[in-house]
Amino acid sequence: MAEWETKRQVLAALLAPRLGLGDPAGLNAYERATLEREVEALAERADSSAPEPTDPEAARLHRAAAEYRAACQLRADEDNVRLAERGEVFAPEDDA
């Protein structure tokens, strides 16, 4: 399992109880989709330079979201390097 997947599982395990979903392993399809959306939304808002919350549980969630976001960014950077090595590099303005 890739590092980003492990970080995502940790974040999902911390977030699920806060959403009233319980154990992520026992979720139905609707609950899993809800959790996935919330994980992505939380990671998108994560700011590693922001001060950690004083509440220990909120601090763990903050760290997990920031770590997951960093792992995703690293994965995207590695993917870009592989594409560049194959000569498949496009300028962002070509993404229309």
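Here are the numbers for this structure:
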| read-out | value |
| --- | --- |
| Matching residues in the stretch 18-44 - criterion: being under 17 Å from the mean Cα position of the chain (by Cα) and among the aliphatic types (A, V, I, L, M) | 19, 33, 35, 39, 41, 42, 43 |
| Scope the stretch 17-35; condition more than 23 Å from residue 2 (Cβ to Cβ) and of a type in the set (A, V, I, L, M); matching residues | 19, 21, 29 |
| Residue identified as open to solvent by 40 Å² or more (accessible area, probe 1.4 Å) and modelled with pLDDT of 90 or more among 51, 92, 56 | 56 |
| Any pair with Cβ under 8 angstrom, 6 or more apart, that starts in the stretch 52-79 at a residue that is under 15 Å from residue 5 (Cβ atoms) and ends at one that is at pLDDT below 80 and outside any loop (DSSP other than H, G, I, E, B) | 68/4; 71/4; 72/4; 74/4; 75/4 |
| Candidate set: the stretch 26-35, residues that are open to solvent by less than 80 Å² (accessible area, probe 1.4 Å) and not polar (S, T, N, Q); chosen: the one nearest to residue 69 (Cα to Cα) | 35 |
| Residue 38 at pLDDT 90 or above and either over 23 Å from residue 1 (Cα atoms) or surrounded by 11 or more Cβ atoms within 10 Å (Cβ to Cβ) (or both) | yes |
| Cβ pairs under 6 Å, 6+ apart, first in the stretch 28-51 and in a loop (DSSP other than H, G, I, E, B), second open to solvent by 40 Å² or more (accessible area, probe 1.4 Å) | 46/69 |
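The values are calculated or read from the model by the stated rules, or taken from the named source; none is laboratory data. Just so it is clear, the model here is predicted, and its values are computed rather than measured. Neighbour counts are summed over all protein chains in view; Cβ atoms, including those assigned to glycine, are modelled from backbone coordinates with ideal geometry. Quick note on the areas: whole protein, heavy atoms, side chains included, nothing else; ligands and nucleic acids left out. Shrake-Rupley method; radii C 1.70, N 1.55, O 1.52, S 1.80 Å.
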